[in-house]
Amino acid sequence: MPKAPTELADEVSEQVKDKKSYLAVIDRLNKASVEKHWEAYADIPWDDPEYQVDKNDPRWKLPPFDKLGQTEWYRSQPEEIQAQIGLWRVATAMKIGLQFENLLKRGLLNYAYRLPNGRPEFRYVYHETTEECHHGMMFQEFVNRTKMPIRGMPRSLSLIAQAAPWIPLVSTEMFFVFVLGGEDPIDYVQRKSLKGGHIKHPLEETIMKIHIAEEARHISFARHYLRRRVPRMPRYRRFALSLLTPLIIGLMARIMLSPPGSMIRAFRIPDDVVREVYVDNPETAALTRDSVARTRELCTDLGMMNPISRRLWRAMGIWDEPKARAKGNT
Ligand SMILES: [Fe+2]
Ligand SMILES: [Fe+2]
């Protein structure tokens, strides 16, 4: 049935309003990237004596709330080993972070390569790529300074991950789901640690503050992009995206938050301790679920929850019943 003229006019004005606010967000993010950005080798005092990394420094010890830190096994280790385990974990998170961001940058550039002239996303994607280059440099510099044999993603996973930069060629919406899948859990954990006062070393604190400030913009862009694009997708594509999203988000959250296998091997952490802390631990499961809460809520708002997708969110261990939210959470 054709739409009544007023209904049609309402829809058109709604779309114009929607497009205007989307463009305003990109403008705001561009401006913020110009006014507030950090460079890895200009804004971090690497040579300051206070910023030096000593693997036996007790400030690297796991904080008291940490599940591994609470085990008898950890507490019975010598002080230096406790510090080394803490540092190993921080450095591994940075290494995995920089590998993820490497894939992300290549994907952003693949996306930008095909953008026609005049598209507002182009400039922001270049700002984001520039910022991620500095994140990669600061993370790698930190890892180098630990002088520990830090490894990133397991090799098999790293091989599969090489497909990620090509996702934008299949679906840009799916690509930005992948972006949120990696950025949201890291951001959640970094904010939590910083807020809880658990970061004791000034170098780690500086890196984390820079990262949180710039990631807020990247996350905001990805969310606004999805808010604008997903409702316009053909129904069958949106349905396919709703099924792939929990698989991507669940896998990414695990990659970002799971304990490094190399650390378990290097410090010979016993199997039963690993199981107790990481496998059969309801608090660890809750942390994984909570770290993707914002993306889960976004997917709900975008009509990407249906009986099958919800089942997949549950199967991936990242489902939680929607909670009442404060307004203005974009
Ligand atoms: Fe980053
Ligand atoms: Fe980012």
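Quick check on R223: is it in contact with a Lys or Arg (Cβ under 9 Å, 6 or more places away or on another chain), within 16 Å of ligand 2 (Cβ to nearest atom) and in contact (Cβ under 8 Å) with a residue 40 or more places away in the chain?
Working: in contact with a Lys or Arg (Cβ under 9 Å, 6 or more places away or on another chain): yes; within 16 Å of ligand 2 (Cβ to nearest atom): yes; in contact (Cβ under 8 Å) with a residue 40 or more places away in the chain: yes.
So R223 passes the test.
If we keep just the residues of region 264-303 that are assigned to a loop (DSSP other than H, G, I, E, B) and under 27 Å from R191 (Cα atoms), which is nearest to the chain's Cα centre (by Cα)? Lay out the reasoning, then the answer.
Going through region 264-303, the residues assigned to a loop (DSSP other than H, G, I, E, B) turn out to be 267-270, 280-281, 292, 302-303.
From what is left, the residues that are under 27 Å from R191 (Cα atoms) are 280-281, 292, 302.
Working: D280: 24, N281: 22, V292: 9, L302: 20 Å.
Checked region 264-303; the qualifying residue nearest to the chain's Cα centre (by Cα) is V292.
Identify all residues within region 92-106 that are more than 8 Å from ligand 1 (Cβ to nearest atom) and of a type in the set (D, E, K, R); write none if there are none.
Selection gives K95, K105, R106.
Among the numbered criteria (1) closer than 22 Å to R289 by Cα; (2) at pLDDT 95 or above, which one does E128 miss?
The failed condition is (1).
For L109, indicate whether it is within 16 Å of ligand 1 (Cβ to nearest atom) and surrounded by 15 or more Cβ atoms within 10 Å (Cβ to Cβ). Reasoning before the result, please.
Numbers: within 16 Å of ligand 1 (Cβ to nearest atom): yes; surrounded by 15 or more Cβ atoms within 10 Å (Cβ to Cβ): no.
Considered against the rule, which asks whether it is within 16 Å of ligand 1 (Cβ to nearest atom) and surrounded by 15 or more Cβ atoms within 10 Å (Cβ to Cβ), L109 comes out as no.
From the residues in region 274-330 that are touching a Phe, Trp or Tyr at 6+ places or on another chain (Cβ under 9 Å), of a type in the set (S, T, N, Q) and modelled with pLDDT of 95 or more, which one is nearest to G261 (Cα to Cα)?
Looking at residues that are touching a Phe, Trp or Tyr at 6+ places or on another chain (Cβ under 9 Å), of a type in the set (S, T, N, Q) and modelled with pLDDT of 95 or more, I get S309.
When you scan region 135-223 for helices (runs of 4 or more DSSP H) that lie fully inside it, which ones turn up with 1 or more residues that are of a type in the set (S, T, N, Q) and either within 16 Å of ligand 1 (Cβ to nearest atom) or modelled with pLDDT of 95 or more (or both)?
Values: elements: 155-161, 167-170, 172-195.
Helices (runs of 4 or more DSSP H) meeting the threshold: 172-195.
Go through region 30-48 residue by residue and tally those that are surrounded by 15 or more Cβ atoms within 10 Å (Cβ to Cβ) and closer than 9 Å to H134 by Cβ.
Qualifying residue count, region 30-48: 3.
Residue pairs, Cβ under 7 Å, 6 or more apart or interchain, first in region 303-326 and over 13 Å from S242 (Cβ atoms), second among the acidic types (D, E) and at pLDDT 95 or above. List them.
P322/E297; R325/E297
Tell me yes or no: at least one residue of region 55-63 is surrounded by 17 or more Cβ atoms within 10 Å (Cβ to Cβ), over 20 Å from the mean Cα position of the chain (by Cα), within 27 Å of V279 (Cβ to Cβ) and of a type in the set (K, R).
Yes, region 55-63 contains a residue that is surrounded by 17 or more Cβ atoms within 10 Å (Cβ to Cβ), over 20 Å from the mean Cα position of the chain (by Cα), within 27 Å of V279 (Cβ to Cβ) and of a type in the set (K, R).
Within region 13-22, is there a residue that is at pLDDT below 95, part of a helix (DSSP H, G or I), over 21 Å from Q190 (Cα atoms) and β-branched (V, I, T)?
yes
Anything in region 226-242 that is in a helix (DSSP H, G or I) and either touching a residue at least 40 places away in the same chain (Cβ under 8 Å) or in contact with a helix residue (DSSP H, G or I) (Cβ under 7 Å, 6 or more places away or on another chain) (or both)? List them, or say none. Reasoning before the result, please.
Start the filter on region 226-242 by keeping residues that are in a helix (DSSP H, G or I), which leaves 226-232, 235-242.
Answer for region 226-242, where residues must be in a helix (DSSP H, G or I) and either touching a residue at least 40 places away in the same chain (Cβ under 8 Å) or in contact with a helix residue (DSSP H, G or I) (Cβ under 7 Å, 6 or more places away or on another chain) (or both): L226, R227, R228, R229, V230, P231, R237, R238, F239, L241, S242.
Within region 78-130, can you find the residues that are within 16 Å of ligand 2 (Cβ to nearest atom) and either in contact with a strand residue (DSSP E or B) (Cβ under 6 Å, 6 or more places away or on another chain) or of a type in the set (V, I, T) (or both)?
I96, V125, T129, T130
Can you say whether A40 is out of contact with any strand residue (DSSP E or B) (no Cβ under 8 Å at 6 or more places or on another chain), more than 21 Å from E205 (Cα to Cα) and within 16 Å of ligand 1 (Cβ to nearest atom), as far as the supplied structure shows? I'd like the intermediate steps shown before the answer.
On the way: out of contact with any strand residue (DSSP E or B) (no Cβ under 8 Å at 6 or more places or on another chain): yes; more than 21 Å from E205 (Cα to Cα): no; within 16 Å of ligand 1 (Cβ to nearest atom): yes.
Here the answer is no, as A40 does not meet what is asked.
The values are calculated or read from the model by the stated rules, or taken from the named source; none is laboratory data. Everything numeric here is computed off the predicted structure, so don't read it as measured data. Every residue, glycine as well, gets a Cβ built from its backbone with ideal geometry; the counts of neighbours run over all protein chains shown.
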